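Worksheet for the structure shown next.
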Amino acid sequence: MLRSLKSSWWVSAFLLAACHPSDLPEADAPSAIDTLEQGVLFPPPPPPSGNILDSTTFLGSVALPGSVQTSFTTALQHYSFAINVAAGSSAKLEVTHLGSSMGLDTGLFVYGPKDASGSYGTTVRAQDDDAGYGQLSKVASASFAQGGEYLVVVSSGGGAGKRFRLQLDCLSGDCEPVDPSVSLGSRPVSSSLQATLSAANAACGTSTACYGELRGYSFPWSHSTPASLDKVAEAVSLTEQSNALFGVRLVNTTYTQFAQTRLLSRLSSLHPGLGQEYSNGSEAVQVTGWHYSREMWPDACMVWEMYVIYFPESRGVLVFEQDYARDC
């Protein structure tokens, strides 16, 4: 898209007052976003559900400060990422030149905060087209009057095969909200899922070919906002003993992505049971974990992976380990 067809502004502040919009004087109501030519920013279309998340491809949570890099796979695409922010904080959001493909044209949007029903709504709280490098997007300073979870959307109208890097920087010193600690208690795993695991282990042959283990937990929670996946993972790391914990922490992701890209094919019979074990049927199940690899034999390595499968509304936690041998 040509710069001459676009506005050069961006919305840099969030007018998220604690009171209901009807309680505000008309002059104090959030100002309307400047009129843009339709399609210039490639915004995600408002879905019938009223939750903009349903018009995007959700790729999990990103820490603040933090970054994430991925690639568009189709010409018109909307990727979304969740961020948790403290009330009164401010941040910079940018699709950076470093880590992004040449010639990429992006749009950047922020929605939220997420309400008790899990919806981010459809109101754009901040957006930008070309304030970054070239045709990349940047919101130089976004202020969050209300704390909570927001949805950051990166879009492109012709980015198939091109990668981008989203960088989030805290401007106010401490952007992430204080997250109460999680205290885990044991929770039984269903006999049907345990039977599926036993059958999968038997099919693997030996423990060095592949082997899986399952343990279940839950925790009490009296706060209105669900515990973060990072806090749950921290509690798991203090409870569990696994070689995987000597390795690298994996990026937070969705259950669907875990099942498609991380679950060992020889243990794939565990899907979809893993994602349904503690689910209430509608919650967005989250996954993170650890990966550790070590050479055990000449030209052969042993891999340990431990995954935290978190059900935020049901407050259930499955710890799934998969160990396997592979060529180094």
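The values are calculated or read from the model by the stated rules, or taken from the named source; none is laboratory data. Here the structure is a predicted model, which means the values were calculated and not measured. Quick reminder, even Gly has a Cβ in these numbers, built from the backbone with ideal geometry, and neighbours come from all protein chains shown. What goes into the accessible areas is simple: the full protein's heavy atoms, side chains included, and nothing from ligands, DNA or RNA. Shrake-Rupley method; radii C 1.70, N 1.55, O 1.52, S 1.80 Å.
For this structure, a couple of remarks:
- When Asp169 is tested against the conditions (1) in contact (Cβ under 8 Å) with a residue 60 or more places away in the chain; (2) open to solvent by 20 Å² or more (accessible area, probe 1.4 Å); (3) in a loop (DSSP other than H, G, I, E, B), the lone failure is (3).
- Restricted to the stretch 123-155, and to residues there that are closer than 15 Å to Phe58 by Cα and among the hydroxyl-bearing types (Ser, Thr, Tyr), the residue that is surrounded by the most Cβ atoms within 10 Å (Cβ to Cβ) is Tyr150.
- Selection count where residues are open to solvent by 10 Å² or more (accessible area, probe 1.4 Å), within 27 Å of Ala82 (Cα to Cα) and assigned to a strand (DSSP E or B), scope the stretch 281-316: 4
- Residues within the stretch 227-256 that are open to solvent by 60 Å² or more (accessible area, probe 1.4 Å) and in a loop (DSSP other than H, G, I, E, B), tallied: 1
- Residue list for the stretch 83-113, filter: in contact (Cβ under 8 Å) with a residue 40 or more places away in the chain, small (Gly, Ala, Ser) and touching a Gly at 6+ places or on another chain (Cβ under 7 Å): Ala86, Ala87
- Leu197 vs. criteria surrounded by 16 or more Cβ atoms within 10 Å (Cβ to Cβ) and more than 22 Å from Glu305 (Cβ to Cβ): no
- Residue selected from the stretch 174-186 under the condition open to solvent by 70 Å² or more (accessible area, probe 1.4 Å) and touching a strand residue (DSSP E or B) at 6+ places or on another chain (Cβ under 8 Å), by the criterion modelled with the highest pLDDT: Ser186
- Residue in the stretch 257-280 that is hydrophobic (A, V, I, L, M, F, W, C), buried (at least 17 other Cβ atoms within 10 Å of the Cβ) and more than 18 Å from Leu193 (Cβ to Cβ) present: no
- Selection count where residues are open to solvent by less than 30 Å² (accessible area, probe 1.4 Å) and either in a strand (DSSP E or B) or aromatic (Phe, Trp, Tyr) (or both), scope the stretch 45-58: 0
- Taken as a whole, the structure leaves Ala126 outside the set of residues that are under 23 Å from Gly173 (Cα atoms), modelled with pLDDT under 90 and not polar (S, T, N, Q).
- For Ser198, the test of being free of Cβ contacts under 8 Å to residues at least 60 places away in the same chain, part of a loop (DSSP other than H, G, I, E, B) and not hydrophobic (A, V, I, L, M, F, W, C) is failed.
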